[in-house]
Amino acid sequence: MSYRVKIYIGISICLTGLVLSFSAGCEEQQQVKKAIDLYLDGVMLRELGENEMAVEKLNSAVKLNDRLPLAYSMLGDIYQEQKDYPKSAASYEKATELNPKSFEDYFNLGRVYRIMKKLALAVKAYSRACLLKPDHLQAHINTAECYYEIGDFNKAVVVAGRAGQIDPNAGEIQIMLGNIYESQKKYDQAISSYKRALEIDSNNAVIMTSLAVVYLNTNRNEPAKELLISATQIQPDNGTAHQYLGYCYLRLDETDKATESYSRAIEINDNDWEAHRGLGVAYMMKVIDKSNEDEQLKTELKARAVKHWRKSLGLRPNQPNRERLLKFIQMYSK
């Protein structure tokens with residue numbers, strides 16, 4: 001018998017005594033005892049991997065006695081594993097109603113609501129979990145991420161800050177703060193957070209790319225280029241890094257390198273609409289380059305540019321500056 005089962009049984013014995021002490025008559029006591037027995041059967045079946053049979057036993061238990069928080073908690077666990085998230089959430093809700101001090105049930109309830117994209121309810125559940133365990137790192141991280149996904153950046157920063165106090169060396173918190181500050185266009189703070197994340201994890205190509213994007217947003221092209229080159233060296237299949245490197249090279253008037261980077265991004269992910277659009281721009285910059293006097297080459301480059309712009313619009317029809325791109329396609333298709 002596993003340690004977990006022993007714990008469940010020990011708690012169940014205590015629960016049986018408690019519930020029986022509040023039961024008025026002998027018949028009611030027998031019903032409670034039967035419910036506990038069914039719950040214990042469910043625990044054993046769960047341990048054996050017989051989840052369907054365990055669910056039957058647990059549901060029978062709560063029909064006989066609807067004040068068994070552990071039964072609802074286990075139903076929540078099984079339904080979550082089965083990806084039946086509405087039933088899982090309902091079970092955890094009942095468990096928290098009966099046992100409002102259960103951190104695990106609130107934490108799991110938050111997870112299930114987040115999977116269901118019910119972020120306001122997820123925040124509510126996670127926030128309660130944070131109150132029950134103020135030093136629980138993941139509960140605070142999850143709460144902050146939900147606030148971020150909702151778009152409540154101010155609360156996301158507050159909760160992420162608390163998570164940072166719990167573990168100052170948790171890089172994911174600094175990454176999250178960087179993301180939040182970037183969304184708020186607080187670029188200096190975003191840079192500080194991403195730099196701190198890189199201090200913790202110096203070879204993380206994703207963090208390098210995120211920091212480089214902020215540098216691009218603040219016209220710091222050279223440091224952005226250095227970071228993106230490093231990111232692509234560490235992670236050669238990082239299409240996002242190649243795509244931003246292409247954009248960086250365009251800004252620096254290094255058109256050949258921009259073409260190479262965008263082309264590599266498309267090799268990695270042919271559905272990258274930004275890379276197709278950028279590659280079209282790179283080809284067109286070669287067309288208008290005064291040093292290029294090869295008319296046949298110019299014609300070929302125009303055709304390539306139009307091809308990639310059309311591909312970009314096909315992938316993302318409602319992209320920013322769509323009308324301008326359509327105008328260019330019409331102009332250079334002649």
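Explain nothing, just the number: relative contact order of the stretch 132-191, from Cα pairs under 8 Å at least 6 residues apart, as a whole percent.
This gives 28 percent for the stretch 132-191.
Return the ratio Rg/(2.2 N^0.38 Å) for the stretch 235-334, where Rg is computed over Cα atoms only.
1.03
For the stretch 38-140, restrict the atom set to alpha-carbon positions and state the Rg and Dmax in Å.
Final numbers for Rg and Dmax: 13.5, 38 Å.
Can you give the convex hull volume per residue for the Cα atoms of the stretch 141-296, as a whole number of Å³?
118 Å³
Per residue, how big is the convex hull around the C-alpha atoms of the stretch 158-248? Give it to me in cubic angstrom, could you?
Details: hull volume 7.4 nm³, N = 91.
Enclosed volume per residue, from the Cα hull, is 81 Å³.
Give the Cα extents of the chain along the principal axes, in whole Å, largest first.
The principal-axis extents, from largest down, are 101, 40, 35 Å.
For Cα pairs less than 8 Å apart in space and 6+ apart in sequence, what is the mean separation divided by the residue count of the stretch 235-334, i.e. the relative contact order in percent?
Values: 112 pairs, mean separation 22.7, N = 100.
Dividing the mean separation by the residue count of the stretch 235-334 yields 23 percent.
Helix 187-200 sits at what angle to the longest principal axis of the chain, using alpha carbons and giving 0 to 90 degrees rounded to 10?
Roughly 70 degrees between the two axes.
Rounding to the nearest 20 debye, state how big the charge dipole of the stretch 137-287 is about its Cα centre with +1 on each Lys and Arg Cβ and -1 on each Asp and Glu Cβ. Write down the numbers at each step before the final one.
On the way: 13 positive and 20 negative charges, 89 e Å.
In debye, rounded to 20, the stretch 137-287 gives about 420.
In whole Å, largest first, what are the principal axis extents of the Cα atoms in the stretch 80-194?
The principal-axis extents, from largest down, are 46, 25, 22 Å.
Just report the Cα centroid separation between the stretch 307-334 and the stretch 150-197, whole Å.
Centre-to-centre (Cα) distance: 36 Å.
Restricting attention to the stretch 276-317, which GluC sites (Glu not before Pro) occupy a DSSP loop and are surrounded by at most 14 other Cβ atoms within 10 Å?
On the way: sites: GLU293, GLU295, GLU300; in loops: GLU293.
Qualifying residues, ordered by number: GLU293.
If you take the square roots of the eigenvalues of the alpha-carbon gyration tensor of the stretch 130-202 and sort them as a ≥ b ≥ c, do you get rounded (a/c under 1.5), prolate (a/b over b/c) or oblate?
Values: a/c = 2.41, a/b = 1.21, b/c = 1.99.
The shape class here is oblate.
Please give the charge dipole size of the stretch 235-334, origin at the Cα centre, charges +1 on K and R Cβ atoms and -1 on D and E Cβ atoms. Round to the nearest 20 debye.
560 debye
So for the chain, averaging the separation of alpha carbon pairs under 8 Å that are six or more residues apart and normalising by length, what relative contact order in percent results? Could the numbers behind the result be given before it?
Values: 415 pairs, mean separation 20.1, N = 334.
In percent, rounded to a whole number, it is 6.
Among the listed pairs LYS257/LYS302; LYS311/LYS334; LYS186/LYS327; LYS83/LYS185; LYS117/LYS195; LYS117/LYS327, which are separated by more than 27 Å between their Cα atoms?
On the way: LYS257/LYS302 18 Å; LYS311/LYS334 18 Å; LYS186/LYS327 34 Å; LYS83/LYS185 37 Å; LYS117/LYS195 31 Å; LYS117/LYS327 39 Å.
Beyond 27 Å: LYS186/LYS327; LYS83/LYS185; LYS117/LYS195; LYS117/LYS327.
Kindly express, to the nearest 10 degrees and within the range 0 to 90, the angle between helix 273-288's C-alpha long axis and the longest C-alpha principal axis of the chain.
10 degrees
What are the ³J(HN,Hα) values, in whole Hz, obtained from phi via the Karplus relation 6.51 cos²θ - 1.76 cosθ + 1.60 with θ = phi - 60°, for each residue of the stretch 103-117 in sequence order, with x given for Gly and Pro?
4, 4, 5, 5, 5, 5, 4, x, 4, 5, 5, 5, 4, 7, 6
Explain nothing, just compute: Karplus ³J(HN,Hα) = 6.51 cos²θ - 1.76 cosθ + 1.60, θ = phi - 60°, for every residue of the stretch 152-163 in order, whole Hz, x for Gly and Pro.
8, 5, 4, 5, 4, 5, 4, 5, 5, x, 5, 4
Bear in mind that the values in this text are calculations on the coordinates, not laboratory data. Here the structure is a predicted model, which is why all the values come from computation and not from measurement. Note that each Cβ is placed from the backbone with ideal geometry, even for glycine, and that neighbours are counted across all protein chains shown.
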